Each structure stands twice: as C-alpha cells, then as structure tokens.
Amino acid sequence: MKVVIQRVTRASVTIEQQLFSSINKGMLILVGIQADDTDEDINWLSSKIVNLRIFDDENGVMNKSILDSGGEILAVSQFTLMARTKKGNRPSYIDAAPPAISVPLYEKFVATIRQEPHKEVQTGQLGANMKVELINDLPKDAVISLYTQGDFTDLCAGPHCPSTGKVKAF
C-alpha cells in the first residue's frame, strides 16, 4: 500500500463535469493498493496519517496533526501509484490490486480513518474517470511524502522529519 499525502488549501474530485466531493484546508490522500496489502497495513497507515504533524501551530511550526488542526480529508484511490517504470517507457500496473481486492481494502482504509473522533473523509468514486484538482499548501520547503508499510520512504527534505536515506524509485 502506498499513499501520497498533499497538504492543501482546497481539493476536489469532479466526475463527468459534476463536482463529486471537495474539501477546504486539510489533506488530499492518493491511495494505491496492492493485492498483498492487509488490515495491518491499513491500520498502520491510518494511524500514521491522522497523527502526522504537518500542520502549523500558532508559531508557524509544523507541530499539529489533521486531528489537532481540524482540517479535512479527501482520499482518492489511485492505482497509478503502483506503476512500475524501471523497464521500458510504458508504465506497468501489474502490482495494482484488481477491483475485487482494492475496493474492499480502500473502503476499509476510509472507514478506519473515519473512526477517529469527528473525522469525516470525502472520497472519489472507484472506477470513475475522476478529475482531481488541488491547491497545495506548501511550507517554505516543499513537502511531499510517501508512506509504505514498514520502512518510511522519505521524498522530502522538509523540517518535519530527518531524511531516512531510503528514497526508492517508482
């Protein structure tokens, strides 16, 4: 399971030219699911996401979680996160879970985050041709982080965490 978390001032999903869901200040989470993902992966990532301190406190320091900041969440299934691009020029999505597996896991991921106190999660629509729009809310140092079960994969040099030196290719 991979997720890309974007801190946003607003984000939305449009399907067939109709607004499907939208949020204001908070986080957009793109979710990629593999066939071998488990409930353990979902629980670990959900806990990490809601407790991740990427929102500013009163001193402008990233010291608040989405729970502390009162921000909103938009979670969108994104099978392209599972793309293999090492060989050739055409991405392979062989690692992406088929709908029979990904749909229940995505729904459980969203439900797990919703279990947090007063935390509603807006979503996209699985299988639809979604247009995702966002306005990043980036601090001075751009923050884009990708989390996987197990080792933390760091794609940022922001002040919120030291580099792990474990950046992996997509």
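The values are calculated or read from the model by the stated rules, or taken from the named source; none is laboratory data. The model shown is predicted, which means the values in this text are computed figures rather than measured ones. In this analysis, Cβ positions are derived from the backbone assuming ideal geometry, glycine residues included, and neighbour counts consider all displayed protein chains. Surface accessibility is based on the protein's heavy atoms, side chains included, excluding ligands, DNA and RNA. Shrake-Rupley method; radii C 1.70, N 1.55, O 1.52, S 1.80 Å.
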### Task
Return only the number of the condition from (1) loosely packed, with under 15 Cβ neighbours inside 10 Å; (2) assigned to a helix (DSSP H, G or I) that Val103 does not satisfy.
(1)
### Query
For region 18-58, how many residues are at pLDDT below 95, closer than 20 Å to Phe79 by Cα and among the aromatic types (Phe, Trp, Tyr)?
1
### Query
If you go through region 69-100 one residue at a time, how many are among the aliphatic types (A, V, I, L, M) and open to solvent by 70 Å² or more (accessible area, probe 1.4 Å)?
2
## Note on the structure
For strands (runs of 3 or more DSSP E) lying entirely in region 1-88, having 2 or more residues that are among the basic types (Lys, Arg) picks out 2-15
## Note on the structure
When (1) at pLDDT 85 or above; (2) open to solvent by 30 Å² or more (accessible area, probe 1.4 Å) are applied to Phe109, the one that fails is (2)
### Query
So Arg10 clears everything in (1) in contact with a Leu (Cβ under 8 Å, 6 or more places away or on another chain); (2) open to solvent by 70 Å² or more (accessible area, probe 1.4 Å); (3) at pLDDT below 90 except one condition, right? Which one?
(3)
### Query
What's the number of the condition Leu45 fails, among (1) open to solvent by 20 Å² or more (accessible area, probe 1.4 Å); (2) under 27 Å from Ile101 (Cα atoms)?
(1)
#### Entry: Output for region 89-100, where each listed residue is among the polar types (S, T, N, Q) and in a loop (DSSP other than H, G, I, E, B)
Asn89
### Query
Considering Ser47, Ser65, Ser92, which residue is over 26 Å from Ile15 (Cα atoms) and touching a strand residue (DSSP E or B) at 6+ places or on another chain (Cβ under 9 Å)?
Ser65
## Note on the structure
Residue set Lys108, Lys119, Lys86; condition touching a residue at least 60 places away in the same chain (Cβ under 8 Å), under 13 Å from Val31 (Cα atoms) and among the basic types (Lys, Arg); output residue Lys108
